[in-house]
Amino acid sequence: EPRFEVQKIVNHYVKNETEIELMVKWAGYSELAPVDERHFQQECPHVLDRYWKSLGTREKATGVNLFHVFRILQWRIKHTELQFKVQWVGYPLEESTWELAWRVKAFAEEMHTRYLE
């Protein structure tokens, strides 16, 4: 449950070439607040999903096509290889994809290790 009520996401900008910062209007506050997309997705996933859909897609709106792991949902063995079902930062659960475990480890090693513990 969010600690503050979101009035709306007003805008966004790309930082570090691959990460998104959202400018959020909180109910009861006049100033906009910058919020990291990953953190916002943890607190308000449906609001974030609606925002990106209102702009077409996240990729179209930001020009960013490099993906960051939001969370690993499950695992399976396919063709003798371990795979993880990955939800991506900025994308809804239904757009999660199956990825080879070694690839996930290459770009999200800490999350990969935590999941396997």
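Every number here is computed from the coordinates shown, using simple stated rules; none is lab data. Because the structure is predicted, anything quoted here is derived from the model rather than measured. Cβ coordinates were reconstructed from backbone atoms using ideal geometry, including for glycine residues, and neighbour counts include every protein chain displayed.
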For this session: Quick one: Debye curve from the alpha-carbon atoms of the chain only, equal weights, vacuum; give me log10 I(q)/I(0) at q = 0.14, 0.21 Å⁻¹ to two decimals.
Result: -0.64, -1.16
For this session: Let me know the charge dipole size of the chain about its Cα centre in debye, to the nearest 20, where only the beta-carbon of Lys, Arg (+1) and Asp, Glu (-1) is charged.
Result: 280
Seminar exercise, completed: For the range 91-96, in residue order, the Karplus 3J(HN,Hα) values (coefficients 6.51, -1.76, 1.60; θ = phi - 60°; whole Hz; Gly and Pro = x) are 10, x, 3, 5, 9, 5
Exercise. Given the rule -39500 (n - 2.57) for each run of at least 4 DSSP H residues, summed and divided by the residues of the chain, what is its mean residue ellipticity at 222 nm, to the nearest 500 deg cm²/dmol?
Worked result: -8000 deg cm²/dmol
Exercise. Tell me, VAL14, VAL104 in order of fewest to most beta-carbon neighbours within 10 Å?
Worked result: VAL14, VAL104
Exercise. Between VAL47, PHE107, GLN83, whose Cα lies farthest towards the positive end of the dipole of the chain when Lys and Arg beta carbons carry +1 and Asp and Glu beta carbons carry -1, centred on the Cα centre?
Worked result: GLN83
Problem set entry | Per residue Cα convex hull volume in Å³ - calculated over the range 6-62 | 71
Seminar exercise, completed: For PHE70, the residues 5 or more places away or on another chain with a placed amide H closer than 5 Å to its own amide H are GLN87, TRP88, VAL89
For this session: Mind running the shape call on the range 69-116? Use the C-alpha gyration tensor, a ≥ b ≥ c as the square roots of the eigenvalues: rounded below 1.5 for a/c, prolate if a/b tops b/c, oblate otherwise.
Result: oblate
Seminar exercise, completed: HN-Hα couplings for the range 33-43 via Karplus (6.51, -1.76, 1.60; θ = phi - 60°), in whole Hz with x for Gly/Pro, come out as 10, x, 9, 4, 4, 4, 5, 4, 5, 5, 8
Exercise. Count of lysine pairs in the chain with Cα atoms under 28 Å apart, counting only pairs 8 or more residues apart in sequence or on different chains?
Worked result: 15
